[in-house]
Amino acid sequence: MLIDSYGRKIDYLRISVTDRCNLRCIYCMPQAGIIHKPQSKLLSFEEIARVVEIMSALGVEKIRLTGGEPLLRKGVVDLVKSLSGIKGISDISMTTNGILLKEYASALKQAGLKRLNISLDSLHQERYSLVTRQGKLERVLEGIEQAQNAGISPIKINVLLLDGMSVDEIMDFLRVSIENSLHVRFLEFMPVNSFYKIDNFISARDVIDIARKCFALEDAAIYGNGPAEVFKIKNALGTFGVISPMSSKFCFKCNRLRLSSDGFLKPCLHSELKMNLRVLLRSSASDDDLAEVIKSAAAEKPKEHNLDKGEFLFSDYSMCQIGG
């Protein structure tokens, strides 16, 4: 079992399978783009599976695949199938921008994918294009529909609270949770890079206040690993929730480690601390050797992030390379 120095049980691993993306979201990637990691430095699927097998023996039960955009990684459906067959892994999910989801949803479900989070910051094509720089909203909506038809559930919609988001747009997403069996999550903006800042911070409480003015709310729950405070609008088919990393830290219950696409294990998204598993995987290191490094990463997990103190710069990764 993995227990960090603050008594938190670590049973969840987020795996970035690629640093490439087919969108250029203004808050995630600088205008000039990024220099991608060479293919030779990316972990192979066999290497990823070996890490998961070792971590499963240490008590990790849940896996989330991220990117970049994970559906850009050739053969990712095969990876899902491989990981779903590992003893002790009870849940495999994915975070995607949904652009390629229509083509992959059925195969992902058959391979063993249980849940989906879809990043979608606007329901209006003009604003969606502005935020993503090049995205086609229709493709995402078609992907969501196909995922529902394939039987993937729950499906969560991740909405980042950005500058310029109006009350009307927040209401649009609330109506999505009423009219569909979808679970909308409003995320507070985190200042994790130097190239994008916001002037008008929208808090989780602002969203709840907007919802309460218009609807009767009930407390709700939905299966998953997330820190959302979840509500259900009366008679709604889905739920909505808020995630508040800035206004109400939830680090005290963080249960995850992160594996970058180039093989570094990070105890915290917002820490520079990382362990190079790729070097060990490509040497004569035994599973026991790898397990000791993984235990060390868990033990060194920070108590909390320091974004609220202005410590927010990544020196080695852009957000698009490590996954949210």
Query raised in the report: In the set Ser129, Ser90, Ser84, Ser119, which member is within 17 Å of Val176 (Cβ to Cβ), open to solvent by 20 Å² or more (accessible area, probe 1.4 Å) and either of a type in the set (Gly, Ala, Ser) or free of Cβ contacts under 8 Å to residues at least 60 places away in the same chain (or both)?
Result: Ser119
Query raised in the report: Out of curiosity, is Lys295 of a type in the set (Lys, Arg), within 17 Å of Arg8 (Cα to Cα) and either part of a helix (DSSP H, G or I) or at pLDDT 95 or above (or both)?
Result: yes
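Over 20 Å from Asn193 (Cα atoms), at pLDDT 95 or above and not in a loop (DSSP other than H, G, I, E, B): does that describe Leu43? Reasoning before the result, please.
Working: over 20 Å from Asn193 (Cα atoms): yes; at pLDDT 95 or above: yes; not in a loop (DSSP other than H, G, I, E, B): no.
Against the criterion (over 20 Å from Asn193 (Cα atoms), at pLDDT 95 or above and not in a loop (DSSP other than H, G, I, E, B)), Leu43 does not qualify.
Return the residues of the stretch 5-31 that are charged (D, E, K, R) and crowded, with 20+ Cβ neighbours inside 10 Å; say none if nothing qualifies. Spell out how you get there, then give the answer.
Step one: of the stretch 5-31, the residues charged (D, E, K, R) are 8-9, 11, 14, 19-20, 24.
Matches in the stretch 5-31: Asp11, Arg14, Asp19.
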Report task. Please state which one of Leu269, Leu277, Leu273 is hydrophobic (A, V, I, L, M, F, W, C) and under 19 Å from Pro70 (Cα atoms). Result -> Leu269
Query raised in the report: Name the residues in the stretch 154-178 that are surrounded by 16 or more Cβ atoms within 10 Å (Cβ to Cβ) and among the small types (Gly, Ala, Ser), would you?
Result: Ser177
**Report entry** Residue match in the stretch 283-290 (condition: out of contact with any Asp or Glu (no Cβ under 6 Å at 6 or more places or on another chain), open to solvent by 30 Å² or more (accessible area, probe 1.4 Å) and modelled with pLDDT under 95)
**Finding:** yes
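For the stretch 66-79, name all the residues that are open to solvent by 10 Å² or more (accessible area, probe 1.4 Å) and assigned to a loop (DSSP other than H, G, I, E, B).
Hits for the stretch 66-79 are Gly68, Arg73, Lys74, Gly75.
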**Report entry** Residues that are in contact with a helix residue (DSSP H, G or I) (Cβ under 6 Å, 6 or more places away or on another chain) and either open to solvent by less than 20 Å² (accessible area, probe 1.4 Å) or under 26 Å from Met246 (Cβ atoms) (or both), drawn from the stretch 132-153
**Finding:** Gly135, Leu137, Gly143, Ala147, Ile152
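From the list Asn193, Asn200, exactly one residue is among the polar types (S, T, N, Q), open to solvent by 20 Å² or more (accessible area, probe 1.4 Å) and not in a helix (DSSP H, G or I). Which is it? Before you say what the answer is, go through the steps one by one.
Working: Asn193 fails: open to solvent by 20 Å² or more (accessible area, probe 1.4 Å).
Asn200 is the lone residue from the list that is among the polar types (S, T, N, Q), open to solvent by 20 Å² or more (accessible area, probe 1.4 Å) and not in a helix (DSSP H, G or I).
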**Report entry** Cross-chain or 6+ apart pairs with Cβ under 8 Å, the stretch 154-173 first and modelled with pLDDT under 95, then part of a helix (DSSP H, G or I) and β-branched (Val, Ile, Thr)
**Finding:** Leu162/Val131
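Filter the stretch 51-60 down to the residues that are part of a loop (DSSP other than H, G, I, E, B) and buried (at least 24 other Cβ atoms within 10 Å of the Cβ) and list them by number. It would help to see each step written out before you state the result.
Looking only at the stretch 51-60, we keep the residues that are part of a loop (DSSP other than H, G, I, E, B), and these are 58-60.
Scanning the stretch 51-60 gives a single hit, Val60.
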**Report entry** Test for Phe240: is it over 30 Å from Pro38 (Cβ atoms) and either crowded, with 21+ Cβ neighbours inside 10 Å or under 15 Å from the mean Cα position of the chain (by Cα) (or both)
**Finding:** yes
Query raised in the report: Is one or more of the residues making up the stretch 207-215 touching a strand residue (DSSP E or B) at 6+ places or on another chain (Cβ under 8 Å), modelled with pLDDT under 95 and farther than 23 Å from Gln39 by Cα?
Result: no
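Taking the options Ile34, Ile48, Ile63, name whichever one is open to solvent by less than 40 Å² (accessible area, probe 1.4 Å), over 14 Å from Ile15 (Cβ atoms) and touching a residue at least 40 places away in the same chain (Cβ under 8 Å). Spell out the reasoning first.
Details: Ile48 fails: over 14 Å from Ile15 (Cβ atoms); Ile63 fails: over 14 Å from Ile15 (Cβ atoms).
From the options Ile34, Ile48, Ile63, the qualifying one is Ile34.
The values are calculated or read from the model by the stated rules, or taken from the named source; none is laboratory data. Predicted model, so just to flag it, every value in this text is computed and none were measured. Note that we place each Cβ from the backbone using ideal geometry, even for glycine, and neighbour counts take in every protein chain shown. Heavy atoms of the whole protein, side chains included, go into the accessibility calculation; ligands, DNA and RNA do not. Shrake-Rupley method; radii C 1.70, N 1.55, O 1.52, S 1.80 Å.
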